[in-house]
Protein chains: 2
Amino acid sequence: MAVKRAKIRLFLDAKLAAKQSLDLSRAQAHYLFGVMRLGVGDLVAAFNGQDGEWSCEVTSAGKRGGVLTCLEQAAPQINPPDLWLMFAPVKKARTDFIVEKATEMGAARIMPVQSDFTNSERFRLDRQQAHAIEAAEQCGGTFVPVVVDLQKLETLLRNWPDDRRIMLCDETLAGTRATLTAQKPGKWAILIGPEGGFSPDELATLRRLPFVTSVSLGPRILRADTAAVAALALWQSTLGDWK
Amino acid sequence: MAVKRAKIRLFLDAKLAAKQSLDLSRAQAHYLFGVMRLGVGDLVAAFNGQDGEWSCEVTSAGKRGGVLTCLEQAAPQINPPDLWLMFAPVKKARTDFIVEKATEMGAARIMPVQSDFTNSERFRLDRQQAHAIEAAEQCGGTFVPVVVDLQKLETLLRNWPDDRRIMLCDETLAGTRATLTAQKPGKWAILIGPEGGFSPDELATLRRLPFVTSVSLGPRILRADTAAVAALALWQSTLGDWK
């Protein structure tokens, strides 16, 4: 029997399995019972990033808490390709946007990087991880990308894993789309340049690295947030899971 | 002698040619002289969507107006491919975003469409055309896409020009990327479905139309604004001007 899909999707940091009880936090209870007006017997879809989507029933509803009980799995766990998104943080609203879009577009890991010409060095990790969770709840995914803290580009490149390639989006080094088509899927990272571009030192380093493939995002200047979505679309449609 | 490029870019609805004088509106004068603190002798880059980018000198600066004088052309006129973007208007901030991103990504025409399940029917044409101009000023382009008023999808499709194909982004009809690769460049329009998807009637109509090519934007549900950027990236990198 097909389980009716719930309209409200909730990320829960707990094991999901048949008959499992799930305690709700005060904030979750407020959202479900106060804002969304659910009550005992209503259905909620829960996912934890690992066990797929579960159809859950509200079995206890209070102002400060509540309990969901897992009925059965409504959708399997689907993970995106092993793709990292590296970008220089920009103004708050646009960084929020990049995290939201990276989640929708199927990045597995969201990595702010500090390059020589990075405009903004502030990055609120807890806030952005919450933002990724919210985007996953909205977009119907069962996976939540890991958001990591700001790292220096130089350090990242120095310790770069042997088995992961970088798709570099920078006008000055740009190759054609065919450059990417000729590559193999697998472990990749997208690197978006900061609004001021990379420094000459960074460009010299990037040019020497054997795991870097550079591609063009066209003749117009893109904002960092536009570039992130465009680069993810290019990669997903060429090497990723857009079948 | 190379002309020094001005940092401030201004769209002006006037003929641009050597020695041409350009009268500034009160709002433009306020922006240049009040906000940006320019004065007589400073350089401004001007474009009108037709004559490329011109290096202009401030030759008169007042509180309520001013004059620029064209020195010489600093960049040629570059038009994007003949690509239309059709989308169902969504909430204000996200519609703003779609117009901004469509400009950066090189759409020639921005067309809000009203489909059966369109969430929002409000579309402020003047505001969105101004938004496209602002995006063009920011992104360094010399072209400003034309924003047209809200039209019914049904009417648009009934009067569709013979020589223009549609790239349809809808999960239920989706083809693979190879479907698009097999097509020829030229006159195209991208059609993004509304957040509730197309209605069964619309899908039946779209299926019958010989000029429609449908493509997948991947296995995740994308918001309308994400879908717009992703679709533009897919088209530009396959049939457009991303060389």
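Worth pointing out:
- B:ARG37 being assigned by TED's automatic domain parsing to the domain that holds B:VAL229 and among the basic types (Lys, Arg): no
- Selection of first residues in the range B:214-235 that are over 16 Å from A:VAL144 (Cα atoms) and of second residues that are crowded, with 24+ Cβ neighbours inside 10 Å and of a type in the set (S, T, N, Q), restricted to Cβ pairs under 7 Å at least 6 apart or on distinct chains, gives the following pairs, ordered by first then second residue: B:GLY218/A:GLN236; B:VAL229/A:THR226; B:LEU234/A:SER237.
- Total residues in the range A:43-64, condition over 16 Å from A:LYS19 (Cβ atoms), crowded, with 17+ Cβ neighbours inside 10 Å and either modelled with pLDDT under 95 or in contact with an Asp or Glu (Cβ under 6 Å, 6 or more places away or on another chain) (or both): 2
- Of all residues in the range A:203-216, none are of a type outside the set (S, T, N, Q), within 30 Å of B:ASP170 (Cβ to Cβ), away from every other protein chain (no Cβ under 11 Å) and crowded, with 16+ Cβ neighbours inside 10 Å.
- Test: residue in the range B:19-36 that is of a type in the set (Lys, Arg), touching a strand residue (DSSP E or B) at 6+ places or on another chain (Cβ under 9 Å) and either in a loop (DSSP other than H, G, I, E, B) or within 21 Å of A:GLY218 (Cβ to Cβ) (or both): yes
- The condition (being of a type in the set (D, E, K, R), touching a helix residue (DSSP H, G or I) at 6+ places or on another chain (Cβ under 7 Å), within 14 Å of chain B (Cβ to nearest Cβ) and closer than 30 Å to A:LEU12 by Cβ) is satisfied by just one residue among A:ASP225, A:ASP241, A:ASP149: A:ASP225.
- Conditions (1) of a type outside the set (A, V, I, L, M); (2) within 13 Å of chain A (Cβ to nearest Cβ); (3) farther than 27 Å from B:ASP96 by Cα: number failed by B:GLU171: (3)
- B:ASP13 vs. criteria in a loop (DSSP other than H, G, I, E, B), at pLDDT below 95 and not assigned by TED's automatic domain parsing to the domain that holds B:ARG223: yes
- Identity of the residue in the range A:177-202, assigned to a helix (DSSP H, G or I), surrounded by fewer than 17 Cβ atoms within 10 Å (Cβ to Cβ) and not charged (D, E, K, R), that ends up nearest to the chain's Cα centre (by Cα): A:THR181
- Test: residue in the range B:149-163 that is assigned by TED's automatic domain parsing to the domain that holds B:GLY193, loosely packed, with under 14 Cβ neighbours inside 10 Å and assigned to a helix (DSSP H, G or I): yes
- Matching residues in the range B:130-146 - criterion: being among the β-branched types (Val, Ile, Thr) and within 14 Å of another protein chain (Cβ to nearest Cβ): B:THR142, B:VAL144
- A count restricted to the range A:70-95 and to residues that are more than 24 Å from A:THR142 (Cα to Cα) and touching a Gly at 6+ places or on another chain (Cβ under 8 Å) stands at 1.
- Looking across the range B:174-195, the residues that are of a type in the set (A, V, I, L, M) and within 11 Å of another protein chain (Cβ to nearest Cβ) come down to B:ALA174, B:ALA178, B:LEU180.
The values are calculated or read from the model by the stated rules, or taken from the named source; none is laboratory data. Predicted model, so just to flag it, every value in this text is computed and none were measured. Cβ: placed from backbone, ideal geometry, glycine included. Neighbour counts: every protein chain shown.
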